[in-house]
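Following: one structure in structure tokens, then a few remarks.
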């Protein structure tokens, strides 16, 4: 299998349960909810995406012909000393490409492997951390994992629609929308429903990638 990757970079996790943890981000190209082209945004299943996942022309991006090739590219970017190397497979929708052979190859190289997915595709069982951010309830099939991170508010899914599902941690993340600040609404919801914790995009607040 050839893996198409938009970019690979080293930074801190900015959101959710592992906020502040150093990680290599491996952003796979492509998504099943949006083409990535602005002219298609209004008709997309996820119209508020803030990520460029189109093509393979980003930092350290490209097409990798084997799990070993992609693992080497991720190893070259990891620069931490000590601790457990951590790779976050994101997108777009990484589960269009992320498979068990690649996960096992990352783990054989010493990495813990996380995925950030929209939940419309099943997660391979080998994953070390599953973070699901649902966008369409009618296409939501991965209803268990470590972390559910819901962008709030969004028209298609309310927190109460997913609060019963089998996740260890529940986060509300304010929708990043031009001309609007949804932080107070998310804070108020968490205060009134303590099952939910607030997730902020701290990488944007700090001005890091």
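What follows draws every value from the coordinates through simple rules; no lab data is involved. Source: prediction; values computed, not measured. Don't worry about glycine lacking a Cβ; one is built from the backbone with ideal geometry, like all the others, and counts go over all protein chains shown.
Any chance you could check the Cα centroid distance between the range 65-108 and the range 1-26 for me, in angstrom?
9 Å
Out of 99, 188, 128, any idea which swings most in a Gaussian network model of the chain, alpha carbons joined below 10 Å?
Most flexible of the set in this elastic network: 188.
Report, to the nearest 10°, how far helix 183-192 tilts away from the longest principal axis of the Cα atoms in the chain, using its own Cα long axis and a range of 0 to 90°.
It works out to around 70 degrees.
Using only Cα atoms and rounding to the nearest 10 degrees, what angle (0 to 90) does helix 67-77 make with the longest principal axis of the chain?
In the chain, helix 67-77 runs at an angle near 80 degrees to the longest axis.
I'd like the distance between the alpha-carbon centres of the range 39-56 and the range 127-187, rounded to an integer number of Å.
18 Å
What is the fewest-to-most order of 169, 193 by other Cβ atoms lying within 10 Å of their Cβ? Spell out each step's value before the answer.
Working: 169 16, 193 13.
Ranked by crowding around the Cβ, least crowded first: 193, 169.
Over all distinct alpha-carbon pairs, what is the Kirkwood Rh of the chain in angstrom? Write out the running numbers ahead of the final one.
Values: mean 1/r = 0.0571 Å⁻¹.
It works out to 17.5 Å.
For the chain, what is the calculated [θ] at 222 nm in deg cm²/dmol (nearest 500), taking -39500 (n - 2.57) for each run of four or more DSSP H residues and dividing by its residue count? List each step's numbers first, then the result.
On the way: 5 runs with 39 residues, N = 209.
Taken over the chain, the calculation gives -5000 deg cm²/dmol.
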